[in-house]
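Before any comments, here is the structure.
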Amino acid sequence: MSGEAAGGTLAELLERRAGDDRPGLLFEDRAWSWREYVAECRARAAWMDGRAREPGRTREPDRTRETGRTREPDRTRETGARRRPLHVGVLFDNVPEMLFLLGGAALSGHVVVALNPTRGPAELAGDADAADVGPILHDPAYADLAAQVTALRQGPPGTARAAPLSSSSSPPGPDGLVMLIFTSGTSGRPRAVRVTQRKIAVPGVSLGALLSPQDVVYCAMPLFHSGAIMAAYAPALASGAALALRRKFSASGLMADVRRYGVTYLHYVGKALSYVLATPESPDDRDNPLKIAFGNEGSATAVRRFGERFGCHVIDAFGSTETAIAITPDPSGPPGSLGRLPEGVEIRDPAGRRCPPAIIENGRLLNADEAIGELVNTGGLGLFDGYYNDPEADRERVRDGEFWSGDMAYADEKGYVFFAGRGTERLRVDGENLAVAPIEAVVREFPGVVEAAVYPVPDAAAGDQVMAALVMEGPFDPGAFADFLAGRPEIGAKAVPRYVRTAAELPQTPSNKIIKRLLAAEAWRTGDPVWWRPPREPGWRRLTPQDVTEIEQEFARHGREHLLER
């Protein structure tokens, strides 16, 4: 199905709202009609065009990768039929300006680059250079971070490139680039996913079918991730429902917002539902206008309990930033399943063979080694339009016209799919993808470390937690380790290990590669000393048998005890 047939372009969805005087965007004590919202987007489009036409604009010197020498800018390219799209870096929480700029990019053919403010300055500087970012716009709260990123970008020649030429100055078609959103891959390098006009419009139209102009969509998940863009903003725009923005997610404030704005549809990611369920219950919990909660990576128990407690229908779907594979939830399926395998999607082993059905008895997977494989779209690439300026990453995901997701799963004999993880080289913490390699590189620099491995272990509620295994020259000092990581700004808060295992040696292959799958399978259940950071506690302490019992009970409460099976 073409982009036009399936949903057209984001620019077209915006133009449909240009004369709509119904409520469009709600934020704190302010409100914009859809007409006013589109007018703000047009103003940002004009600003981007103005910056793009500045004489001699290159944003950064156009340097050759081979020599680092600076080329003389070709000014004729800026004023003719071909031009360099402006790549605007944004460091924002969920504020209206973020969406004004996104709409402006869609209408003008320029590009918004979503920079993740939870990453360190050095990482962000690398992201900005990889994405050919020119100006960086930011919330006042991120002024210092933006200044550090800008300073770090003033580095040696060869660290920045000019954006490629576009073929037209008019808004592009379905394949036109609108946004770049970073995710992490198995190599550890940050990867900018190309978010095109159709990549936003198609899910917007699809999910918008659940809504009417009388609905209100709630968006508290970060707009620098794809979920909030495609499962909150886009369906609101496509349907004409109002969009209520929350600057940052608050578990205690969610239901107050639902009642304040009259929210009928909310979007969540990961453990958001669990955090809300951890708030005190109230007799009037079901006295609210909420009808649908849509998201992904919620635990089966959290999905059930949230729906029961707040009287709404929870749809927990499967998806990723690449959006190459979509699995439709099936409420009639077995607990914990993502839904049935869609036509054209298979689970394959590393050799490309289709994995046999899982043998499951009493909820336990008996043939994990042969049943678990990688989800592969054998029919094409879905809505995946590639990574930006990263052919190596494209080759890793696309093989002979098929998309290899990197997501591990297994399916029972009826075709119901169960998520098994993302391998040992990447993980997802609180709804955010993290790469192992950068964390591992820093941990290896901790004084006294002989060898180190970083890998994911399951979280009791949703997603993963970070675990590190260390071979030390002497005793492990958790206080010194905390001080060391605090001094490494490239490590964000979500990347700090929850568990640290110290060992005399790590399992290795004959070629001296650490076998992380064995470490991940053992997790914290090992005879080696394990240190952990309990929730809401700042430092590490020795893990005790009582701690292990309580952790396993938490998994059982969330219906995820199967993840602890070796």
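The values are calculated or read from the model by the stated rules, or taken from the named source; none is laboratory data. Predicted model only: the values in this text are computed from it and were never measured. No Cβ is skipped: glycine too gets one built from the backbone with ideal geometry, and neighbour counts run over all protein chains shown.
Some notes on this structure:
- Restricting region 353-369 to residues that are exposed (fewer than 15 other Cβ atoms within 10 Å of the Cβ) and not aliphatic (A, V, I, L, M), the residue that is farthest from Gly559 (Cα to Cα): Arg353
- In region 322-342, the qualifying residues are those that are within 30 Å of Ala192 (Cβ to Cβ) and without any contact (Cβ under 8 Å) to a residue 40 or more places away in the chain, and the one that is surrounded by the fewest Cβ atoms within 10 Å (Cβ to Cβ) is Thr328.
- Of the residues screened, Gly56 is one that is surrounded by fewer than 15 Cβ atoms within 10 Å (Cβ to Cβ), assigned by TED's automatic domain parsing to the domain that holds Val193 and either closer than 20 Å to Tyr387 by Cα or at pLDDT below 95 (or both).
- Tally of residues being part of a strand (DSSP E or B) and either closer than 15 Å to Leu381 by Cα or among the aromatic types (Phe, Trp, Tyr) (or both) across region 313-350: 4
- A search for C-beta distances below 6 Å between a residue of region 127-145 that is assigned by TED's automatic domain parsing to the domain that holds Leu102 and any residue that is surrounded by fewer than 20 Cβ atoms within 10 Å (Cβ to Cβ) and of a type in the set (Ser, Thr, Tyr), counting only pairs 6+ apart in sequence or on different chains, returns Asp129/Thr159.
- Summed over region 504-525, the residues that are of a type in the set (D, E, K, R) and either modelled with pLDDT of 90 or more or more than 20 Å from Glu565 (Cα to Cα) (or both) give a count of 4.
- In region 170-187, the qualifying residues are those that are at pLDDT 80 or above and under 15 Å from Glu123 (Cα atoms), and the one that is surrounded by the fewest Cβ atoms within 10 Å (Cβ to Cβ) is Phe182.
- Top-ranked residue in region 415-458 [being assigned to a loop (DSSP other than H, G, I, E, B) and farther than 20 Å from Leu375 by Cα; ranked as modelled with the lowest pLDDT]: Asp430
Listed here are the residues, each with its yes/no results for (1) assigned to a loop (DSSP other than H, G, I, E, B); (2) at pLDDT 95 or above; (3) aliphatic (A, V, I, L, M); (4) buried (at least 22 other Cβ atoms within 10 Å of the Cβ).
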| position | (1), (2), (3), (4) |
| --- | --- |
| Gly19 | yes, yes, no, no |
| Val38 | no, yes, yes, yes |
| Asp49 | no, no, no, no |
| Arg65 | yes, no, no, no |
| Asp74 | yes, no, no, no |
| Leu99 | no, yes, yes, yes |
